[in-house]
1. How would you rank Asp185, Asp160, going from fewest to most other Cβ atoms within 10 Å of each one's own Cβ?
2. Under 17 Å between alpha carbons, and skipping anything fewer than 8 positions from Lys196 in its own chain: which aspartates and glutamates qualify?
3. Which of the aspartates and glutamates could be linked to Lys77 by a straight reach, that is with a Cα gap under 13 Å, when you skip same-chain ones fewer than 8 residues away?
4. Sorting Asp38, Asp256 on the 10 Å Cβ count, fewest up front, what's the list?
5. For a footprinting-style exposure proxy, rank Phe111, Phe206, Phe227 by other Cβ within 10 Å, fewest first.
Amino acid sequence: MKKILLLTAVIYSGNLMAQPKLVSQATINTTTTVIAPDEEDVSNIQPQGEGQGRMNFRNFADGETKSTTYLKNDMVKTVMKSDMGRSTTIRDNAKKLTTTLMEMMGNKTGFVATDEEQAAMRKRVDSMMQATRTSADTTGGTTRRAARPAEVPAEIVYTDETKKIAGLNCKKAYIVSTRFMGLKDSSVVWYTPEIKLQNISSTGGFSAFGNFGGSSSTSALGKLDGFVMRQESKMGRGRSMVIEVTKIDTEKEVADKEFDIPKDFEIKPMKEMQNMIQGGGGPGRTIIRMN
């Protein structure tokens, strides 16, 4: 009986040792690289005839973007720098509030949104994208919108392949997503089973936009047995994206003032951010296409 109890204790303690350490404070440096196909015609980057003052960010993420993420308990801040400018996202998980600050062409503007407002915005964007997916009604000679299928949760396929990234031991896994008509896509992730970060499953890429970029594949990252250190995925229009953590510091103290909102930014309500989403005419509208 004593041997059985001892064996049970050893197995239990081994399982505890295998669990990732939960980290509530860290500074993470990440590089996101979007690679465009060599044969792409760059003349297609600028829109034609879309109205004076309108900007097209269709290819805004191409190339390399560096970001720094600060974590302290319920607060998460990500600063992204690229040739287009600088953006900062401050996420308060306790209040379920996200503030986005943008510095572009000398302008400093910001938007604040609740989780409910972000969900409504994602629904609006989704509806706009669905409107572009039309199918011909051969019986009536009219055009109707194609129904959008329910999103299928992504699957995680673990492997035994390992390597070191930014000094941490990592394991390889595949995130398998199901698209329209049952087609499947897979992306490669490298995660470290040594740690998990509170309120953060990954950094860089679209995850840097606070709570805006939800999808089945990004949701799956939070279910991994550790923290994501590298992602390799395909995008639209023949592009590929590689996201890799270049440095992670879990020892340095993150100051509370890191999450203060700068006073020189004009903070606007969420509804005004909708003017930055494609749709509707008129001069001065900004168009953002993520793929």
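Since every read-out is calculated from the coordinates, none of them should be taken as a lab result. On a predicted model such as this, the values are computed, not experimentally measured, just so you know. In this analysis, Cβ positions are derived from the backbone assuming ideal geometry, glycine residues included, and neighbour counts consider all displayed protein chains.
1. The fewest-first ordering by Cβ neighbours comes to Asp160, Asp185.
2. Answer for Lys196, where 17 Å is the Cα cut-off: Asp74, Asp225, Glu244, Asp249, Glu251, listed by chain and number.
3. Asp92, Asp256, Glu258, Asp260
4. Asp38, Asp256
5. Listed from fewest to most nearby Cβ atoms, that is Phe206, Phe111, Phe227.
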